[in-house]
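This report concerns only the one structure given below.
Coordinate-derived values only; no laboratory data. What you see is a predicted model; the values in this text were computed from it and never measured. Cβ atoms come from the backbone with ideal geometry, glycine included; neighbour counts cover every protein chain shown.
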Amino acid sequence: MLNGEKMLFSGMQATGRLTIGNYIGALRNWVTLSDEYTCLFSVVDEHSITVRQDPAELRSRARALLSLYIAAGLDPEKNIIYYQSHVSAHAELAWILNCYTYMGELQRMTQFKDKSAKHADNINAGLFTYPVLMAADILLYQTDVVPVGSDQLQHLELARDIAIRFNNVYGDVFTVPEPYVGKVGAKIQSLQDPLKKMSKSDENENASIYLTDDRDTVLRKFKRAVTDNEACVRYSEAQPGIRNLITIYSAVTGKTPEEVEKEFAGRGYGEFKLAVGEAVADTLAPIQKKQAELLADKAYLDGIIKTNAERAEHLAIKTLRKVQKKVGFPERPR
Ligand code: ATP
Ligand code: LTN
């Protein structure tokens, strides 16, 4: 709690190109929630190196992501928008929390299981303790609410368990965070395999709509989206492809799935796919324009990056010092 307002923390990795899954499932909700909470939105670059990255590419993607937060509507004066690696307290708290987390807990994490299958040649310790760094991100700021996609709920549950465990030993040190999962679009599926999540690391270009895609690309990808043969726009389990397109359309237009079904009653898939493509392209265009403007203004962006890291650090240090004292580290002589 800061000035009577509840705290919100969320972050995204600067790996790959963001998809509309990231936008609809995460970024868009952040913008709505930022009116209600004191918010920190981090570009979690330390999490990114759990899989191999090209250094120059990571740096430029991180900058693009930070500017995208702002372009999507997050005010950097009101919200704290910063790089995780600029606030060393994240890594320091993560180390301490590692000592309060069990191997068995981390072994159960489905993201670890998935990622270690995918990167079998690089199952590093960072990939394993990834959720502990995420817990540190959250707990450092005495966070009340964490908006995430449903795929991150298991990590959040672990962060809560660690906080409760620590508090049981040392008293009320951490706020125990609550997850927030948006109602529409918590999970956007792949356009090529609607049973799979749309992911920025998908190798098939046509599976995902990237936030950088231009209008023609967006329209073409929706046109090629995998559907079924039922030939009616209906929101049902039996039609996962169409259901996914309805979810996307609902999310960007604000219409309910029922309204969408009515709008397209008796109309074919071709027409529907075109409408979804247009609505998505219309949503992306102003964000892309604003992002390009920000990236072109180096002095402005650097100023934001510097002051916001300082604001984050100021808050983070308070929790870190308290934790260090609780676990028995020697005090710093004044
Ligand atoms: P990857 O697939 O490479 O693991 P990702 O696309 O899941 O990456 P993250 O950085 O892990 O990206 O996710 C950022 C945020 O976007 C998280 O809150 C996550 O839950 C949300 N998110 C990611 N993909 C989707 C999706 N398909 N639908 C809804 N939300 C999503
Ligand atoms: N693991 C998350 C990114 C992330 C995060 C966080 C989200 C890192 N730290 C703290 C919310 C709060 C992901 O892959 N989406």
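Structural remarks
- Each distinct pair of alpha carbons in segment 212-271 adds a 1/r term; the inverse of their mean, the Kirkwood radius, is 12.0 Å.
- Whole-Å semi-axes of the ellipsoid equivalent to segment 70-176 (Cα gyration tensor, √5λ, descending): 23, 20, 13
- Sites listed here are GluC sites (Glu not before Pro) in segment 164-262 whose DSSP assignment is loop and whose Cβ has at most 10 other Cβ atoms within 10 Å: Glu203, Glu237.
- Amide H contacts for Lys197 (H built 1.01 Å from N in the peptide plane; partners 5 or more residues away or on another chain; cut-off under 5 Å): Ser190.
- Rounded to the nearest 20 debye, dipole of segment 1-149 from Cβ charges on Lys, Arg, Asp, Glu: 460 debye
- Intensity falloff of the chain expressed as log10 I(q)/I(0), Debye formula with alpha-carbon point scatterers, at q = 0.12 Å⁻¹: -0.88
- Chymotrypsin sites (Phe, Trp or Tyr not before Pro) within segment 75-134: DSSP coil, no more than 13 neighbouring Cβ in 10 Å: Tyr102
- When the GluC sites (Glu not before Pro) in segment 1-99 are filtered for DSSP coil states and for at most 10 other beta-carbon atoms within 10 Å of their beta-carbon, the remaining sites are Glu77.
- For the chain, a simple Cβ point-charge model (Lys and Arg +1, Asp and Glu -1, everything else neutral) yields a dipole of about 480 debye relative to the Cα centre.
- Segment 205-295 - charge dipole about Cα centre, Lys and Arg +1 at Cβ, Asp and Glu -1, debye rounded to 20: 120 debye
- Taking 19 Å as the limit for the C-alpha separation, the pairs Lys197/Lys255; Lys187/Lys255; Lys200/Lys306; Lys187/Lys223 exceed it in the case of Lys197/Lys255; Lys200/Lys306; Lys187/Lys223.
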